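Below you'll find the structure, written out as structure tokens, and then a few comments.
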Amino acid sequence: SSSGYQGRAVYFIYEGSQTLGMGIICAASGAGSNYALYAGAGDIYVTNKVGIGATNVLANTKLEIKDADHASLLLHDSDAATTKRIVEIRSQGEEFFIKGRNDDNTGAGAAGTIMTTSLTTGDCTFAGNVFVSTASSPTLQIKNTAGTLTENALAGGIDLYTSDGSQNATGVKGYIRWYTDDAWGSAERLEFGIGQNSATLAITALTLDGNK
């Protein structure tokens, strides 16, 4: 039809009472490239859900990618420099990854694994530097969400760590840590430490009012 509000070249609809209803089934095989469905022009509009590898898309989502080994999504900038064109978002082995991939997605790209997040603990590991950049009071916040802190509890900290195994390099080399001196939070202290092979060489402790 080419008149009226909607123009349709082909219209398929299934209305029945079976467990599974399908409006159309497409398949293609045997050629060098096979497209079961090819949309040469125009947008693709889906009113409900899309499942890739998922026959029953889970609730509260519009797109589900399901695979037993590597459920992933690629973002491909075709005119970027070689080995810097593809970003992969992947869920695998109870971890979530953001990776740079090579041009045919057979190995690591220039950046390699950019971020790894444990789906058990929520811990994140970044491969590169982390920058906080804003025009108004750039701040890095470390927050302890415990409802009650006990006496001498570690409330938060930053460890400066090296994995270089030569000589005495391995271990925490320095840290800034915030402790509570009592269970009520009325006395607290910051510790600045320098370590070697996890043994402390020197510690400077400051209370909140600045007294040593």
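The values are calculated or read from the model by the stated rules, or taken from the named source; none is laboratory data. What you are looking at is a predicted structure, and each value in this text was computed from that prediction instead of being measured. Quick reminder, even Gly has a Cβ in these numbers, built from the backbone with ideal geometry, and neighbours come from all protein chains shown. For accessibility, only protein heavy atoms count, side chains too; no ligands or nucleic acids. Shrake-Rupley method; radii C 1.70, N 1.55, O 1.52, S 1.80 Å.
Here are the numbers:
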{"item": "Pairs, first more than 15 Å from residue 8 (Cα to Cα) and in a loop (DSSP other than H, G, I, E, B) in segment 23-50, second open to solvent by 70 Å² or more (accessible area, probe 1.4 Å) and of a type in the set (Phe, Trp, Tyr), C-beta under 6 Å, six or more apart", "result": "23/12; 23/14; 24/12; 28/35"}
{"item": "Contacts under 6 angstrom Cβ, first residue in segment 109-129 being open to solvent by 50 Å² or more (accessible area, probe 1.4 Å), partner not in a strand (DSSP E or B), 6 or more apart", "result": "110/83; 110/84; 113/127; 114/127; 119/94; 120/94"}
{"item": "The one condition in (1) open to solvent by less than 90 Å² (accessible area, probe 1.4 Å); (2) farther than 23 Å from residue 119 by Cβ that residue 104 fails to fulfil", "result": "(1)"}
{"item": "Search result, residues across segment 63-85 that are open to solvent by less than 90 Å² (accessible area, probe 1.4 Å), closer than 17 Å to residue 107 by Cα and outside any loop (DSSP other than H, G, I, E, B)", "result": "71, 72, 73, 74"}
{"item": "Boolean, residue 129 is within 30 Å of residue 161 (Cα to Cα) and assigned to a loop (DSSP other than H, G, I, E, B)", "result": "yes"}
{"item": "Test set (1) open to solvent by 50 Å² or more (accessible area, probe 1.4 Å); (2) polar (S, T, N, Q); (3) modelled with pLDDT under 80 - residue 144 fails condition number", "result": "(3)"}
{"item": "Criterion: aromatic (Phe, Trp, Tyr), free of Cβ contacts under 8 Å to residues at least 40 places away in the same chain and either touching a Lys or Arg at 6+ places or on another chain (Cβ under 9 Å) or open to solvent by less than 70 Å² (accessible area, probe 1.4 Å) (or both) - qualifying residue of 96, 12", "result": "96"}
